[in-house]
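Sharing a structure with you now.
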Amino acid sequence: MSDPSTASIVSTPAAHPTDNPAPAGVPQVNEKPRGLLGDAWRDLRRKPLFWISATLIVIFLLMAAFPSLFAPGDAVNGTLSRSLVKPGEDGWFGYDLQGRDVYARVIYGASASIQVAVLSVIGTLLVGGTMGIIAGYRGGWVDGLLSRIADVFFGLPFVLGAIVILTTFNGSGSTNSKGEIMALVTTSLIVLSWPVVMRLMRSSVLATKEADYIVAARALGAGTGRIILKHLLPNCLAPLLVYGTIMVGSFIGAEATLSFLGVGLRSPVVSWGIMISEGQDFIRVAPGLVFFPAAFLVVAVLSFVMLGEAVREALDPKLR
């Protein structure tokens with residue numbers, strides 16, 4: 001093998017007579033070695049599934065951030081004279097029982113659903129990732145204690161646990177504001193989901209902390225904080241990145257399920273789950289009240305799941 005330190009040196013034909021010199025006037029470009037993320041990005045660019053899912057996700061994110069660009073109509077107030085009017089030129093998706101524009105409500109419903117999902121994923125990754133790093137790196141009784149705590153939360157049924165939490169703090173008769181309702185739903189999702197992330201991070205840390213570069217850094221006097229932030233964390237983020245992407249889609253569906261059951265988001269919040277719940281009684285008269293928000297919900301969930309699968313295949317060397 002050649003010395004890697006000389007890889008960037010352009011040799012002359014006299015020094016290496018067997019090398020083919022570059023044509024005159026054409027500079028030689030030395031390709032730098034790619035890391036894990038570089039190889040993953042190269043593979044992702046070749047996947048049509050990645051571009052389709054990424055495009056849909058960008059559209060949904062823009063829809064959630066700037067809903068007025070997609071639907072200038074009013075999503076909260078309606079006119080009773082338009083009650084249950086079918087789709088037409090005036091309303092692409094028709095109107096609901098209270099005469100509200102279904103298209104505008106579907107567009108504005110993306111904001112609450114995606115905000116809750118993204119915030120829940122960030123909180124879950126922070127809580128579960130931090131506890132996983134501590135448990136995996138420290139080991140001993142700290143690992144045992146945190147693992148047993150995670151087992152307790154992991155044993156709680158997700159839907160049942162969310163119903164208990166939200167019924168206690170957001171039950172009928174409560175006067176919580178829109179922000180408080182969204183915060184309660186986000187907190188319940190974080191409380192019930194962090195053990196999975198904790199186990200993923202713990203497994204990655206256990207498999208990485210005895211690597212040669214970690215041992216060398218520890219021998220050179222690197223502190224615990226530096227080892228975790230500079231060495232362990234960058235090399236353990238790949239599983240969390242994949243799981244977090246898929247988890248956004250799962251949380252969008254979970255929020256819609258809780259809102260449909262009446263324990264999640266509530267009016268005046270506009271979300272796809274609330275729309276499906278309100279339109280189920282009129283599915284024979286106006287099926288669009290259920291179909292349109294359900295279609296957007298399914299496409300949003302599938303987009304994040306497909307993106308997560310594409311990222312997983314790109315980051316896993318065994319699947320390349």
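The values are calculated or read from the model by the stated rules, or taken from the named source; none is laboratory data. The structure displayed is predicted, hence computed values, not measured ones. Quick reminder, even Gly has a Cβ in these numbers, built from the backbone with ideal geometry, and neighbours come from all protein chains shown. Just the protein is used for accessible areas: all its heavy atoms, side chains included, with ligands, DNA and RNA removed. Shrake-Rupley method; radii C 1.70, N 1.55, O 1.52, S 1.80 Å.
Which of the residues that make up the stretch 200-226 are over 23 Å from ALA150 (Cβ atoms) and in a helix (DSSP H, G or I)?
Those that are over 23 Å from ALA150 (Cβ atoms) and in a helix (DSSP H, G or I): ASP212, TYR213, ILE214, VAL215, ALA216, ALA217, ARG218, ALA219, GLY225, ARG226.
Going through LEU160, LEU119, LEU145, LEU156 one at a time, which residue ends up being crowded, with 16+ Cβ neighbours inside 10 Å, out of contact with any Phe, Trp or Tyr (no Cβ under 8 Å at 6 or more places or on another chain), of a type outside the set (Ser, Thr, Tyr) and under 30 Å from ARG202 (Cα atoms)?
Exactly one of LEU160, LEU119, LEU145, LEU156 is crowded, with 16+ Cβ neighbours inside 10 Å, out of contact with any Phe, Trp or Tyr (no Cβ under 8 Å at 6 or more places or on another chain), of a type outside the set (Ser, Thr, Tyr) and under 30 Å from ARG202 (Cα atoms), namely LEU119.
Could I ask something else about it? I'd like to check something: does the stretch 162-184 contain any residue that is outside any helix (DSSP H, G or I), of a type in the set (Val, Ile, Thr), closer than 28 Å to LEU265 by Cβ and without any contact (Cβ under 8 Å) to a residue 40 or more places away in the chain?
Taking every residue of the stretch 162-184 in turn, at least one turns out to be outside any helix (DSSP H, G or I), of a type in the set (Val, Ile, Thr), closer than 28 Å to LEU265 by Cβ and without any contact (Cβ under 8 Å) to a residue 40 or more places away in the chain.
Name the one entry in GLY139, GLY73 that is more than 24 Å from the chain's Cα centre (by Cα) and under 25 Å from GLU278 (Cβ atoms).
GLY73
Looking only at residues in the stretch 123-142 that are over 21 Å from LYS230 (Cα atoms) and open to solvent by 10 Å² or more (accessible area, probe 1.4 Å), which one is modelled with the lowest pLDDT?
Of everything passing the filter in the stretch 123-142, GLY140 is modelled with the lowest pLDDT.
Checking the condition modelled with pLDDT under 80 and of a type outside the set (A, V, I, L, M), which residue from SER188, SER147, SER204, SER172 passes?
On inspection, the qualifying residue turns out to be SER172.
Please verify whether SER111 is of a type in the set (Ser, Thr, Tyr), over 16 Å from ALA254 (Cβ atoms) and open to solvent by less than 40 Å² (accessible area, probe 1.4 Å), treating the condition exactly as stated.
Yes, satisfied.
Under the condition of being touching a residue at least 12 places away in the same chain (Cβ under 8 Å), among the aliphatic types (A, V, I, L, M) and more than 19 Å from ALA64 (Cβ to Cβ), which residue from the stretch 253-302 is surrounded by the most Cβ atoms within 10 Å (Cβ to Cβ)?
Restricting to residues being touching a residue at least 12 places away in the same chain (Cβ under 8 Å), among the aliphatic types (A, V, I, L, M) and more than 19 Å from ALA64 (Cβ to Cβ), the top hit is LEU289.
Now for a separate question. Any residue at all in the stretch 105-112 that's within 17 Å of ILE283 (Cα to Cα) and not in a helix (DSSP H, G or I)?
Checking the stretch 105-112: not a single residue is within 17 Å of ILE283 (Cα to Cα) and not in a helix (DSSP H, G or I).
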